1. So, restricting to strands (runs of 3 or more DSSP E) that lie completely within segment 1-115, which ones have at least 2 residues that are surrounded by fewer than 17 Cβ atoms within 10 Å (Cβ to Cβ)?
2. Tally time: how many residues in segment 167-176 are at pLDDT 85 or above and either in contact with a Pro (Cβ under 6 Å, 6 or more places away or on another chain) or part of a helix (DSSP H, G or I) (or both)?
3. Does segment 185-197 include one or more residues that are under 20 Å from the mean Cα position of the chain (by Cα) and not hydroxyl-bearing (S, T, Y)?
4. Quick one: count up the residues across segment 169-202 that are among the aliphatic types (A, V, I, L, M) and surrounded by 15 or more Cβ atoms within 10 Å (Cβ to Cβ).
5. Which one of these is in contact with a helix residue (DSSP H, G or I) (Cβ under 6 Å, 6 or more places away or on another chain) and among the aromatic types (F, W, Y): Y152, Y189?
6. Within segment 158-168, is even one residue among the acidic types (D, E) and either surrounded by 15 or more Cβ atoms within 10 Å (Cβ to Cβ) or more than 20 Å from I136 (Cα to Cα) (or both)?
7. Give all pairs with beta carbons closer than 6 Å in which a residue from segment 173-186 that is of a type outside the set (S, T, N, Q) meets a residue that is modelled with pLDDT under 85 and outside any helix (DSSP H, G or I); count only pairs at least 6 apart in sequence or on separate chains.
8. Which condition number in (1) at pLDDT 85 or above; (2) exposed (fewer than 11 other Cβ atoms within 10 Å of the Cβ) is the one that Y152 fails?
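The values are calculated or read from the model by the stated rules, or taken from the named source; none is laboratory data. Values in this document were obtained by computation on a predicted structure and should not be read as measured data. So basically every Cβ, Gly included, is an ideal-geometry build from the backbone, and we count neighbours across all protein chains shown.
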Amino acid sequence: MSVNQVWRLYYEPELESFTHEFIDPTAQRVIQFIGDHVPDAETLLKNKLDNAGKLLSFILDMEPLQVLAEMSRDTNRFRPIGGALQIAKVYQSGTSEFFGIMWPSMSGKPTFLGRHLPEHDIPTVRLFDPDYATLIEDALPELLTAIEPELYGSDHDFLMECYPDGQLKPQLPEKKRHKLKKIIQHAAYKKYCAEQSAVREAANE
């Protein structure tokens, strides 16, 4: 049986070579910043957790990502750090996922792996909000009162399950939320095409 381990690699001037240090992940929640301004990053994270009342419990969400976004946008204080964030996640199964991010804010442009994406040619990647470090696709409408069978077709029963009484069911699994977004997007496009067709027919009468 394989055992996951975390090692810190660093350069030791006295040895004039790189060396390593084993980090016991069972002893504490492990966060590792690498690169420039590491002490500043650690201080910012500590302050953020302290302000949120999480410092003693060390319960983390996406605070480290918020720290990186804050530092990357503050080019006056942290000049070596800059540009849109590149985000990836390694799941317990060993699979990985790369994410995009709106940059430098939600009013900015979508980026992926550090480069801006054409607005109408965004690849099928999930995007982060840099201010709140949340996935944008999770922003589903809280109310959906007009669940029309002719509009949603075979997905109608799924919509009714997720929107009982027209209100979004709380704590839906991520997989269902992702499916919901795709269904609603498709329905909105389908409705738009129908409306445009009706406008053209009216103009030709």
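1. Hits in segment 1-115: 6-12, 17-23, 87-90, 96-103.
2. 1
3. Among the residues of segment 185-197, at least one is under 20 Å from the mean Cα position of the chain (by Cα) and not hydroxyl-bearing (S, T, Y), which makes the answer yes.
4. Of the residues in that region, 5 qualify.
5. Y152
6. Checked against the condition, which is being among the acidic types (D, E) and either surrounded by 15 or more Cβ atoms within 10 Å (Cβ to Cβ) or more than 20 Å from I136 (Cα to Cα) (or both), segment 158-168 yields at least one hit.
7. Pairs that qualify, where the first residue is of a type outside the set (S, T, N, Q) and the partner is modelled with pLDDT under 85 and outside any helix (DSSP H, G or I), are L180/L140.
8. The number of the failed condition is (2).
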